[in-house]
C-alpha cells in the first residue's frame, strides 16, 4: 500500500513512474468498461522492482453505458460531478489521477480541508494551488487532469505520453532501476 506518512512526498521521477503505471492500469480497466472510482494511495500496492498494482475494487463498477450516479470514493478525491450529484462516466478516474499526482508530489491532496463542506467548495471551484517545488511539467499535467468538464480532462493515453511523464520515467529507469 502506498500510504506514506502525512506530508511525505515522492521526487518527480518516482511520482511519474508510479503515475504512468496507474494510468496504464486505469486505461485497461476503462477498455473493459470498468470505472474504479476510488483511486488513492491506499488503494495502490507496491511490489518489488517498483511495480504498482491497483487494489480495492470495492467501489468499482462495470458500466458498459459509461453513465453512473452513485456518489462514492474518498472525499478528497471526489470530482466535481460527483460532489454535485451529476451523472458521470469513466473520466472520474482521470480526475482522481490528477489528485493522486498532486498528492505524490506534495504529500497531501490539493483540496484537503478540515471541514467537508470546505473541501467540496474547493472541488466545485477547482480551487487549488501549486507548491514552489513543483516543476512546470508536473503543474501542466495536473492542470490538464483537474478540469471541471469531464470530457476535457486529459486522456489516459495522453497522460502516459505527457512530456513530464516520459522525461521523468526515463530518469527513474536510468537512476533507480539501473542502480540495482
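The values are calculated or read from the model by the stated rules, or taken from the named source; none is laboratory data. Just so it is clear, the model here is predicted, and its values are computed rather than measured. Here the Cβ positions follow ideal geometry from the backbone for every residue, glycine too, while neighbour counts run over all protein chains shown.
For residue 132, indicate whether it is crowded, with 17+ Cβ neighbours inside 10 Å and part of a loop (DSSP other than H, G, I, E, B). Give the derivation first.
Numbers: crowded, with 17+ Cβ neighbours inside 10 Å: no; part of a loop (DSSP other than H, G, I, E, B): yes.
No.
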Could you list all residues from the stretch 107-129 that are part of a helix (DSSP H, G or I) and buried (at least 22 other Cβ atoms within 10 Å of the Cβ)?
123
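Would a scan of the stretch 11-27 turn up a residue that is under 30 Å from residue 171 (Cβ atoms), modelled with pLDDT of 95 or more and part of a loop (DSSP other than H, G, I, E, B)?
Yes, there is a match, as at least one residue in the stretch 11-27 is under 30 Å from residue 171 (Cβ atoms), modelled with pLDDT of 95 or more and part of a loop (DSSP other than H, G, I, E, B).
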Residue by residue through the stretch 144-157, note down the ones that are touching a residue at least 12 places away in the same chain (Cβ under 8 Å), over 12 Å from the mean Cα position of the chain (by Cα) and in a helix (DSSP H, G or I).
150, 151, 157
Can you confirm whether the stretch 91-99 contains a residue that is at positive phi and modelled with pLDDT of 95 or more?
no
